[in-house]
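**Student:** Below: one structure in structure tokens.
Throughout, read-outs are computed from the coordinates displayed, never taken from laboratory work. Note that the structure is a prediction, hence the values are computed from the model and not measured.
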Amino acid sequence: MIYKKYGEVFKKLRLQHHLLLSDFERVGLSKSTLSYFENGKSMISLDKLDLALQEMHTTFRSYMLMINNDEEDYWLSQFKEIEKAYFSDNREKLQDIYMKNVKYDMEENQVIALSAKACYTKLSPDEINYIENKLKSYQVWHSYEMYILVNTLEEINP
């Protein structure tokens, strides 16, 4: 099953913390439900997973990193690279990030490219319009949207 890794990682965490399947009954997960999950035969609800992770003193973010082999989301790693290049005045790195992402026609890559570009040169009116429209369309903001805003703030009309 496609979600098998979720259960496998959970089981490794559970064993690392020396917890039994029955230890999760207090958060509403039966032994059989958890066993099916750990063996990749079923999924559990997000609220139950979150409660179970709390029992192991593990954040959901840490759990997701474990599932992704400790690799951050692409967008986050790119924005961190932009930040690092900007503060070290590494224009060449910013241009590399721009070139690497601009060739893909996905929103994530386009906003990363323009965020990098805005750190070393002026954006075109079309690029400014694109960023402004994207930012206006977001109803719920988190790190992704904030990185876009911070990196393009001097170029856009907020």
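**Student:** State the Cα centre-to-centre distance between segment 57-104 and segment 117-158 in whole Å.
**Tutor:** First find each Cα centre; the distance between them is then 17 Å.
**Student:** Hey, which aspartates and glutamates would be in cross-link range of Lys5, C-alpha to C-alpha under 12 Å, not counting anything within fewer than 8 residues on its own chain?
**Tutor:** Straight-line reach from Lys5, under 12 Å: Glu38.
**Student:** Please compute the contact order of segment 74-152 in relative form: average sequence separation of alpha-carbon pairs under 8 Å and at least six residues apart, divided by the residue count, as a percent. Working shown, then result.
**Tutor:** Values: 66 pairs, mean separation 22.7, N = 79.
In percent, rounded to a whole number, it is 29.
**Student:** Check cross-link reach from Lys93 to the aspartates and glutamates: straight Cα distance under 18 Å, and skip same-chain residues fewer than eight apart.
**Tutor:** Glu81, Glu83
**Student:** Using only alpha carbon pairs under 8 Å that are at least six residues apart, calculate the relative contact order of segment 4-67 and give it in whole percent.
**Tutor:** 39
**Student:** Now, a different point. Starting from a Cα-only point model with no solvent, please compute log10 I(q)/I(0) by Debye for segment 74-152 at q = 0.22, 0.24 1/Å.
**Tutor:** -0.99, -1.18
**Student:** For Cα pairs less than 8 Å apart in space and 6+ apart in sequence, what is the mean separation divided by the residue count of the chain, i.e. the relative contact order in percent? It would help to have the intermediate numbers written out before the result.
**Tutor:** On the way: 141 pairs, mean separation 24.6, N = 158.
Reported relative contact order: 16 percent.
**Student:** Please report, in Å, the Rg and the Dmax of segment 15-73, where both are computed over Cα atoms only.
**Tutor:** Cα radius of gyration and Dmax of segment 15-73 are 11.6, 33 Å respectively.
**Student:** Using just the C-alpha positions of segment 1-132 as equal point scatterers, what log10 of I(q)/I(0) does the Debye formula give at each q in 0.13, 0.18 1/Å?
**Tutor:** -0.68, -0.86
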